[in-house]
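Trainee: The structure's right below; bear with me while I get my questions together.
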Amino acid sequence: MPARVLEDFRLIDRFVVPFHSVDMLRHVNHAEYVIWAESVRARYIAEVLRTDITGRFGGIIAKLVVEYERQLGYLEPVAVGCRISRFGNKSFEMIHEVWSEQTQERAAILTGTMVAFDYTENASIRVPDEWRERAAAFEPAL
C-alpha cells in the first residue's frame, strides 16, 4: 500500500508551483526545494517552538542534504511538511518532505541539522528544554 501524503507530518504548507519556480527545462529548479523547506522550517520554529526567528535565540543550519526523487511542474499542487526527527545536546535534525498532491508521489526529502544558537553571544547553545517540550507535545512520534 503506498504511503499517504505526509502522513508523519503535522505542519504542512500547501500551494501550487508558481511560474517563477520553473526553469528553462520546464520543471521546478532544484534550488526551489531548499527555499520551500526553509519557509516551512521558519514556520515550525515560530509556531511550534514558539521562538521569534528574529530574536536572540534560534537555529542555524549546519548541514542540509537534498534527495530529489521526481520532477514537479508549473501549477502542480504541492505539499511540503516539516518535523523534528531527533534532538542532540546543541543540535536537532529536521526532516522536510516535498510531495505532489496531484500524483501522490514524494518529489524530494531534505534532511537538515540545525544548531541552537545565541545571536547576541554569536555562539552555539544547548537546545532549550522548552523547545524539546513544545516539539514533543506537537509531534506524535518524537
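Trainee: Only one of Leu49, Leu110, Leu75 is aliphatic (A, V, I, L, M) and on the phi > 0 side of the Ramachandran plot; which?
Mentor: Selected residue: Leu75, the only one of Leu49, Leu110, Leu75 that is aliphatic (A, V, I, L, M) and on the phi > 0 side of the Ramachandran plot.
Trainee: Taking the condition surrounded by 13 or more Cβ atoms within 10 Å (Cβ to Cβ) and of a type in the set (S, T, N, Q), does Thr103 pass?
Mentor: Considered against the rule, which asks whether it is surrounded by 13 or more Cβ atoms within 10 Å (Cβ to Cβ) and of a type in the set (S, T, N, Q), Thr103 comes out as yes.
Trainee: Additional query: Note down all Cβ pairs under 6 Å where the first residue falls in region 16-27 and is over 7 Å from Tyr74 (Cα atoms), the second is assigned to a helix (DSSP H, G or I), and they're at least six residues apart or on different chains.
Mentor: Ser21/Glu32
Trainee: Hey, another quick one. Would you pick out the residues in region 77-101 that are under 14 Å from Glu139 (Cβ atoms) and touching a Ser or Thr at 6+ places or on another chain (Cβ under 6 Å)?
Mentor: The answer is Glu93, Ile95.
Trainee: Please give the number of the condition Ile45 fails out of (1) under 29 Å from Glu121 (Cβ atoms); (2) out of contact with any Cys (no Cβ under 9 Å at 6 or more places or on another chain); (3) touching a residue at least 60 places away in the same chain (Cβ under 8 Å).
Mentor: (3)
Residue-by-condition table, conditions (1) surrounded by 14 or more Cβ atoms within 10 Å (Cβ to Cβ); (2) closer than 18 Å to Gly112 by Cα; (3) out of contact with any strand residue (DSSP E or B) (no Cβ under 6 Å at 6 or more places or on another chain); (4) not polar (S, T, N, Q):
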{"residue": "Arg4", "(1), (2), (3), (4)": "no, no, yes, yes"}
{"residue": "Arg14", "(1), (2), (3), (4)": "no, no, no, yes"}
{"residue": "Pro18", "(1), (2), (3), (4)": "no, no, yes, yes"}
{"residue": "Glu32", "(1), (2), (3), (4)": "yes, yes, yes, yes"}
{"residue": "Ile45", "(1), (2), (3), (4)": "yes, yes, yes, yes"}
{"residue": "Arg50", "(1), (2), (3), (4)": "no, no, yes, yes"}
{"residue": "Val66", "(1), (2), (3), (4)": "yes, yes, no, yes"}
{"residue": "Glu69", "(1), (2), (3), (4)": "no, yes, no, yes"}
{"residue": "Val80", "(1), (2), (3), (4)": "yes, yes, no, yes"}
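Trainee: Quick check: anything in region 64-77 small (Gly, Ala, Ser) and over 24 Å from Val22 (Cα atoms)?
Mentor: First, the residues of region 64-77 that are small (Gly, Ala, Ser): 73.
With the extra rule that they be over 24 Å from Val22 (Cα atoms), the set shrinks to none.
No: zero hits.
Trainee: Of everything in region 52-64 that's farther than 19 Å from Thr113 by Cβ and of a type in the set (D, E, K, R), which residue is modelled with the highest pLDDT?
Mentor: Quick first cut of region 52-64, residues farther than 19 Å from Thr113 by Cβ only: 52, 54-56.
Okay, now just the ones that are also of a type in the set (D, E, K, R), so 52, 56.
Working: Asp52: 92, Arg56: 95.
Checking each candidate, the answer is Arg56.
The values are calculated or read from the model by the stated rules, or taken from the named source; none is laboratory data. In this text the structure is predicted, and so the values were computed from the model without any measurement. Virtual Cβ from ideal backbone geometry, glycine too; neighbours counted across all protein chains shown.
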